[in-house]
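See below for the structure under consideration.
The values are calculated or read from the model by the stated rules, or taken from the named source; none is laboratory data. If you're wondering where the values come from, they're calculated on a predicted model, not measured in any experiment. No Cβ is skipped: glycine too gets one built from the backbone with ideal geometry, and neighbour counts run over all protein chains shown.
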């Protein structure tokens, strides 16, 4: 069975987003094992300078790296990443799980993003849009897109 893990920095606070996440995690059960792992965000001052942000991102990258299974295909969510249509995303997931591994890990950074070192270690950098989303909302959007991709792969009527 496919294993999808979303490793995200920061805690989920918004109730309405939690409801959506719960719904998609429930829907995904028929296709894969899916979980969200929350890693605490680093602490910074209210207006951190570039040096402080760089240090913070490096600390977060270390904690993210510790949570990644060794045999997983890692996808870093990054604004500069490749954008795929739903069909292309489904093809990518199918290709990964057919030819490489059944474990896929998505990394979602904090409000400062992801450290360049962790992005370099990723197999793929993916962007879901050119617009910026709050990192907590991105979890819900990503889960919906994973569900859509798996629906395409399994030829269910969700994706029209």
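Looking only at segment 13-38, which residues are surrounded by fewer than 16 Cβ atoms within 10 Å (Cβ to Cβ), touching a residue at least 24 places away in the same chain (Cβ under 8 Å) and part of a loop (DSSP other than H, G, I, E, B)? Hits for segment 13-38 are 13, 14.
Restricting attention to segment 69-91, the residues that are under 17 Å from residue 125 (Cα atoms) and out of contact with any helix residue (DSSP H, G or I) (no Cβ under 8 Å at 6 or more places or on another chain) add up to 10.
If the condition is being closer than 21 Å to residue 2 by Cβ and in contact with a helix residue (DSSP H, G or I) (Cβ under 7 Å, 6 or more places away or on another chain), then segment 26-61 contributes 27, 28, 31, 32, 34, 36, 37.
Quick grid of which residues meet (1) within 11 Å of residue 72 (Cβ to Cβ); (2) touching a residue at least 24 places away in the same chain (Cβ under 8 Å); (3) surrounded by fewer than 20 Cβ atoms within 10 Å (Cβ to Cβ); (4) out of contact with any helix residue (DSSP H, G or I) (no Cβ under 9 Å at 6 or more places or on another chain):
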{"site": "102", "(1), (2), (3), (4)": "yes, yes, yes, no"}
{"site": "111", "(1), (2), (3), (4)": "no, yes, yes, no"}
{"site": "117", "(1), (2), (3), (4)": "no, yes, yes, no"}
{"site": "128", "(1), (2), (3), (4)": "no, yes, yes, no"}
{"site": "133", "(1), (2), (3), (4)": "no, no, yes, no"}
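Here 72, 61, 67 are screened, and the one residue that is within 27 Å of residue 154 (Cα to Cα), surrounded by 13 or more Cβ atoms within 10 Å (Cβ to Cβ) and modelled with pLDDT of 95 or more is 72.
Kindly provide the set of residues from segment 110-146 that are within 18 Å of residue 40 (Cβ to Cβ) and at pLDDT 95 or above, ordered by number.
Residues of segment 110-146 that are within 18 Å of residue 40 (Cβ to Cβ), as a first pass: 110-115, 118, 134-136, 138-139.
The answer is 114, 115, 118, 138, 139.
Among the helices (runs of 4 or more DSSP H) confined to segment 45-160, the ones with at least 1 residues that are within 15 Å of residue 8 (Cβ to Cβ) and over 12 Å from the mean Cα position of the chain (by Cα) are located at 50-67, 116-121.
When residue 40 is tested against (1) farther than 19 Å from residue 152 by Cα; (2) in contact with a strand residue (DSSP E or B) (Cβ under 7 Å, 6 or more places away or on another chain), only condition (2) is not met.
Table: residues versus (1) touching a strand residue (DSSP E or B) at 6+ places or on another chain (Cβ under 6 Å); (2) modelled with pLDDT of 95 or more; (3) more than 30 Å from residue 157 (Cα to Cα).
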| residue | (1), (2), (3) |
| --- | --- |
| 46 | no, no, yes |
| 77 | yes, yes, no |
| 99 | no, yes, no |
| 103 | yes, yes, no |
